[in-house]
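No lab work stands behind these numbers, since they all come straight from the coordinates. Please read all numbers here as calculations on a predicted model, not as lab measurements. Positions of Cβ are backbone-derived with ideal geometry, glycine not excepted, and every protein chain shown enters the neighbour counts.
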Amino acid sequence: MESPPQDGTPLGRRAILRTAALLPVTAALTAGCTAFSQPEEPDPLEAVAERARSDAALARAIQQAHPDLAEETAAVEAVRSDHARALRQEIDRVNPQTAETTTSIPPTPAPPAPQEADEAAAALKQALREAQRQAADLVPGMPPHRAGLTGSLAASCASLLEVLA
Amino acid sequence: MSTLPLSEQASTALRRALGAEHAAVWVYGLAGAFVDEAQAESAVAEAASNHRRFRERTEQLLREAGVEPPVAQPAYSPPQPVTDRNSAIRLLITAESDCATGWRSVLETTKISRIRQHALDGLTTTATQATRWRITIGEQPAALPFPGRP
C-alpha cells in the first residue's frame, strides 16, 4: 500500500494514479472477508460459460456410458470446452479482478448420463438447444465484440446439433 | 430515403456480407452440376434458396439505409479447381465460411437490433450448412467452436 508522503507535500497526481492502480488488488484481497461489500453485477457471460462447462461435462459422461455415441459426444465436449475457455478469457479481460477468484472454481461435476443411448443423445441435444437460445438472446444487448462472440457461439451450438442429428 | 442510421463501418460490413452471399449463390450454381445424388441435390437446392433469401434481405436493408447494394460479379474464381463431387462440396464449405466471416463482422459493427438479428440468422444458417457439408464429405471437425472468427 502507498503510505502518505512523509515530507508534508500534498498528494501529487502520480501518487493518486498509483493509488487508483492498486485498488483492484485491494478489492480482490478484501472481497472474501468483507461482509458488507456490495457484490458487483455478475458478468452475463458467466452463465453462458457455466452452461458450456456443464454441457462439456454431460458430453463426457455420455461418452463414457455410451461408446456408440463416442464420436459425436467427443465433438460436443471439445467445442463446448473451447467455448468455456474463450468465455472465461473474455470475462477476465473485461474484469481482471475476478480472474484470481474464478480460477479456483472446481470443475463442474459430471451430471449423470441417461441410461438409454437415445435418451442421452436427446438430453445433450436439449442442452445444446438451450445453449443456443441463451447465447442468441444475449446478442442484441451486447457490446460489438461480444455480439460477435455470443452470436458465433450460438451458431456453433446450432452446428453441434447437426453433428448429433 | 434513409431510415436506417447505418455507420460507415456497418455499411462496409453489410456490403461485404452481401458480396459473400452473391458469391455463395454463384458457387451453388456451379456445385449443383457436380452433385447428383438426390439427397445432396435437394440439400444444394435448399441451401441455395437460403442464400438467395439472405441476399435479398440484405439488399433491402442496405437500400433502407440509403446505400446502393453492390451487384454480383459475373463469375467467381474458385481457389481450388472443381473436378468432382467432393471438390465441389469443399468449395461450398469455403463459400459458407466466407458468409460466416461476413455475418460475424456485421454483428461486431452495428447495434441496430434488426440488423444484428439478420446477421445472427445469417451466421447460424451458414455455419449449420457448412457443418452439414463437412459431415457429407467426412471432414473433421464438422462443427467449429467459433464460426466466422477471422
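If R0 equals 22 Å, the separation of the Cβ atoms of B:S77 and B:A33 corresponds to a calculated FRET efficiency of about 0.85.
Among the DSSP helices (H) of chain B, those spanning at least 30 angstrom by Cα along their long axis with an average Kyte-Doolittle hydropathy of -0.5 or more are B:8-32, B:85-107; this is a geometric and hydropathy rule only. Sorting B:116-123, A:49-56, B:46-53 by their mean Cβ neighbour count within 10 Å, with the most densely packed peptide first, gives B:116-123, A:49-56, B:46-53. The Kirkwood radius of the stretch B:20-67, taken over pairs of alpha-carbon atoms, gives through the Stokes-Einstein law at 10 °C and 1.306 mPa s a diffusion coefficient of 138 µm² s⁻¹.
Counting Cβ atoms of other protein chains within 10 Å of each residue's Cβ and taking the mean over peptide B:121-130 gives 5.
Taking the average, over residues, of other Cβ atoms within 10 Å as the packing measure, peptides B:36-44, A:89-97 rank A:89-97, B:36-44 from highest down. Per-residue mean of foreign Cβ neighbours for B:136-147 is 6 (Cβ atoms of other chains, 10 Å radius). Debye calculation, C-alpha points only, no solvent: report log10 I(q)/I(0) for the stretch A:44-164 at q = 0.14, 0.20 Å⁻¹, in the same order as the q values. Scattering profile of the stretch A:44-164, log10 relative to I(0): -0.57, -1.05. Treating r as the C-beta distance of B:D84 and B:S49 and R0 as 22 Å, the FRET efficiency rounds to 0.35.
Ordering of B:58-67, A:113-122 by packing is B:58-67, A:113-122, highest average first (other Cβ atoms within 10 Å, averaged per residue). For the stretch B:42-104, the orientation-averaged shadow of the C-alpha convex hull comes to 5.2 nm² (one quarter of the hull surface). Taking only alpha carbon atoms, the stretch B:8-136 gives an Rg to Rh ratio of 0.98, where Rh is the Kirkwood radius.
Per-residue shielding of B:104-116, expressed as the average number of other chain Cβ atoms within 10 Å of the residue Cβ, stands at 4. The charge dipole of chain B, taken about its Cα centre with unit charges on the Cβ of Lys, Arg, Asp and Glu (plus for the first two, minus for the last two), comes to roughly 420 debye.
Our estimate of slack between A:K125 and A:A74, defined as 0.36 nm per intervening residue step minus the Cα-Cα distance, is 17.0 nm.
Placing R0 at 45 angstrom, the Cβ-Cβ distance between A:Q64 and B:R57 gives a FRET efficiency of 0.50 after rounding to 0.05. For the stretch A:120-153 versus the stretch B:79-128, the spacing of their alpha-carbon centroids is 18 Å. Going from the residue with the fewest nearby Cβ atoms within 10 Å to the one with the most, A:L161, B:L92, A:L58 rank A:L161, A:L58, B:L92. Put in order of Cβ neighbour count within 10 Å, fewest first, the listed residues B:W26, B:W103, B:W133 become B:W26, B:W133, B:W103.
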